[in-house]
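Here the structure is laid out as structure tokens; the discussion comes afterwards.
The values are calculated or read from the model by the stated rules, or taken from the named source; none is laboratory data. Computed from a prediction, not measured in an experiment: that's the story for all the values here. Virtual Cβ from ideal backbone geometry, glycine too; neighbours counted across all protein chains shown. Surface accessibility is based on the protein's heavy atoms, side chains included, excluding ligands, DNA and RNA. Shrake-Rupley method; radii C 1.70, N 1.55, O 1.52, S 1.80 Å.
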Amino acid sequence: MPDVLTEKLPSGVMIVTLNRPDALNTLGGALLADFGAAMHEAEQDRAVRAVLITGAGRAFCAGADLSAQRGRSEAAPAPLAFSARVTSMQDLHANLAGAAFRCDKPTVALVNGAAAGAGFGLALSCDFRMASEQALFVSAFARIGLSGDNGITWSLSRLVGRSMALEILMLSPRLTAAQALELGLVRSVVPAPELLSAGLQFGERLAAGPTQAFAIMKRNLEFADVATYQQSLDREAFSIAVNGVTGENADAIQAFLDKREPDFRG
């Protein structure tokens, strides 16, 4: 079986499932490359309008496959080994959290179980998160002497603020689904058997929306993190002009005048 499964539904929703359940969907085997390829496919296929990301079995993604590092030795000279590790991490980010974050389609993490380390970062890189009651979130990096990767510092600081982000990173508490909801890390918590159906319902709402405008909204919010108020106003002015030539805006206005729901799939 492939390490990542994909399914495209008539509604425009694509389901991407991390499929190493016996290894808690850790980042081993072909999972990383397969996930990057799946997200690229979602990006390029115009029929895909929203992406749900989940894990097979009892975990969402438990992060790095530490068993693969057992007995590892640095055979290369230290400077070369350091450079190679930086490049390796850049490739990891590009194919995992970066691939989810950069996707222009709305992304939803359906966290069915443990989201640890890089898996926590992957969940946070999605636009939305929904959790089953069995979900568990843990940064885990401090426990193995690491500072964090896969965008977890960027995402956490924006979602919960600097102080709480530091507490989650430094103390690595095991956050339950209920605690994650209270902190604003997830939008909803549902019983485990209902997670996929609830995720599909939400995904279909997103897929039925103006996905070209959604893509611009995502980039405008990212830009706003480093922009002045006036710079954001200028970017919004440009974006509104772009909206006017995509067709979504014209159809929505006509639908309003016709007293019908807009169809953004044209």
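On the given criteria, is Leu9 modelled with pLDDT under 95 and open to solvent by less than 50 Å² (accessible area, probe 1.4 Å)?
Working: modelled with pLDDT under 95: no; open to solvent by less than 50 Å² (accessible area, probe 1.4 Å): yes.
Here the answer is no, as Leu9 does not meet what is asked.
Taking the stated definitions as given, is Asp34 modelled with pLDDT of 95 or more, within 16 Å of the chain's Cα centre (by Cα) and among the charged types (D, E, K, R)?
Working: modelled with pLDDT of 95 or more: yes; within 16 Å of the chain's Cα centre (by Cα): yes; among the charged types (D, E, K, R): yes.
Against the criterion (modelled with pLDDT of 95 or more, within 16 Å of the chain's Cα centre (by Cα) and among the charged types (D, E, K, R)), Asp34 qualifies.
I'd like the full set of residues that are open to solvent by less than 40 Å² (accessible area, probe 1.4 Å) and either modelled with pLDDT of 95 or more or not in a helix (DSSP H, G or I) (or both), limited to the stretch 201-212.
Our first condition is that a residue be open to solvent by less than 40 Å² (accessible area, probe 1.4 Å); within the stretch 201-212, this holds for 202-203, 206-207, 209-211.
The answer is Phe202, Gly203, Leu206, Ala207, Gly209, Pro210.
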*Out of the stretch 154-180, which residues are of a type outside the set (Gly, Ala, Ser) and open to solvent by 70 Å² or more (accessible area, probe 1.4 Å)?*
Trp154, Arg158, Arg162, Glu167, Met170, Leu171, Arg174, Gln179
*asked:* I'd like the residue in the stretch 186-195 that is touching a residue at least 60 places away in the same chain (Cβ under 8 Å) and not in a helix (DSSP H, G or I) and, out of all such residues, is surrounded by the fewest Cβ atoms within 10 Å (Cβ to Cβ).
replied: Val190
_Residue list for the stretch 107-157, filter: among the aliphatic types (A, V, I, L, M) and farther than 19 Å from Leu196 by Cα_ = Ala116, Ala118, Val138, Ala140, Ala142, Ile144, Leu146, Ile152, Leu156
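Answer yes if at least one residue in the stretch 184-194 is acidic (Asp, Glu) and farther than 24 Å from Gly12 by Cα, and no otherwise. If you could, list the steps in order and put the result at the bottom.
Step one: list which residues in the stretch 184-194 are acidic (Asp, Glu), which gives 194.
Imposing the further condition that a residue be farther than 24 Å from Gly12 by Cα reduces the set to none.
Within the stretch 184-194, not a single residue is acidic (Asp, Glu) and farther than 24 Å from Gly12 by Cα.
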_Flag if Ala198 is out of contact with any strand residue (DSSP E or B) (no Cβ under 8 Å at 6 or more places or on another chain), closer than 27 Å to Arg102 by Cβ and open to solvent by less than 30 Å² (accessible area, probe 1.4 Å)_ = no
*Read through the list (1) at pLDDT 95 or above; (2) closer than 22 Å to Gly145 by Cβ; (3) open to solvent by 10 Å² or more (accessible area, probe 1.4 Å), then give the number of the only condition that Met89 fails.*
(1)
*Checking Ala84 against (1) open to solvent by 60 Å² or more (accessible area, probe 1.4 Å); (2) modelled with pLDDT under 95, the condition it does not meet*: (1)
*asked:* Which pairs turn up if I take residues in the stretch 245-260 that are assigned to a helix (DSSP H, G or I) and look for partners that are open to solvent by less than 40 Å² (accessible area, probe 1.4 Å) with beta carbon separation below 6 Å, at least 6 apart in sequence or on another chain?
replied: Glu248/Pro210; Glu248/Ala213; Glu248/Phe264; Asn249/Asn243
*State yes or no: is Arg174 at pLDDT 95 or above and over 17 Å from the mean Cα position of the chain (by Cα)?*
yes
*Please name all residue pairs, on different chains or six or more residues apart, with Cβ atoms under 8 Å, provided the first residue is in the stretch 126-138 and is closer than 15 Å to Lys105 by Cα and the second residue is open to solvent by less than 10 Å² (accessible area, probe 1.4 Å) and not hydrophobic (A, V, I, L, M, F, W, C).*
Cys126/Thr107; Asp127/Pro106; Asp127/Thr107; Phe128/Pro106; Phe128/Thr107
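The rows are residues; the columns are (1) touching a residue at least 24 places away in the same chain (Cβ under 8 Å); (2) part of a loop (DSSP other than H, G, I, E, B); (3) under 23 Å from Leu221 (Cβ atoms).
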position: Lys105; (1), (2), (3): yes, yes, yes
position: Ala115; (1), (2), (3): yes, no, yes
position: Phe120; (1), (2), (3): yes, no, yes
position: Ala123; (1), (2), (3): yes, no, yes
position: Ser147; (1), (2), (3): no, yes, no
position: Asn150; (1), (2), (3): yes, yes, yes
position: Leu159; (1), (2), (3): yes, no, yes
position: Met164; (1), (2), (3): no, no, yes
